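All remarks here apply to the structure that follows.
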Amino acid sequence: DNLYDCIIIDGSVHRNTCAEHVLKHLKDNGILILDNANQSSIGLDSNPTFELFKEFEHYSYLQPGHKDWRTDYWIIKKSS
């Protein structure tokens, strides 16, 4: 029943499934951080997460020197 300001998804298993549960556990204006988003060099496909959160404000940061290392985050605004 607790709501969080920020939820971080990292690791290689069940990433998209975790994202499906984020909305019911984040406060309004909470932040979802997805580390190693779509990192093809290790087989990560985060496209379902990107689709799920496409309506929210989104930022992406590439790590210099690595072709596919990036961290993405969304600001989840639940109210208008």
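Among residues other than residue 41 whose Cβ falls under 15 Å from its Cβ, what is the net charge (Lys/Arg +1, Asp/Glu -1)?
-1
Solvent-accessible area of residue 14, probe 1.4 Å, all protein chains present, reported in Å² to the nearest ten, please.
Estimated to the nearest 10 Å², residue 14 gives 120 Å².
For residue 27, list the lysines whose Cα falls under 23 Å from its own Cα; do not include residues on the same chain fewer than 8 positions away.
54, 77, 78
List the aspartates and glutamates whose alpha-carbon lies under 19 Å from that of residue 67, not counting same-chain residues fewer than 8 positions away?
Excluding near neighbours in sequence, the set is 10, 35, 45.
Taking every Cα atom in the chain, find the radius of gyration and the maximum pairwise distance Dmax, and write them in Å.
12.5, 41
Please give the FRET efficiency for residue 77 paired with residue 40, using the beta carbon to beta carbon distance and R0 = 35 Å, rounded to the nearest 0.05.
Calculated transfer efficiency: 0.70.
Once the whole set of protein chains is in place, how much accessible area is left on residue 6, using a 1.4 Å probe, in Å² to the nearest 10?
60
The values are calculated or read from the model by the stated rules, or taken from the named source; none is laboratory data. These numbers were taken from a predicted model, which means no experiment stands behind them. Reconstructed Cβ throughout: ideal geometry from the backbone, glycine too, with neighbour counts over all protein chains shown. When the accessible area is computed, the model is the full protein with side chains, heavy atoms only, and any ligands, DNA or RNA have been set aside. Shrake-Rupley method; radii C 1.70, N 1.55, O 1.52, S 1.80 Å.
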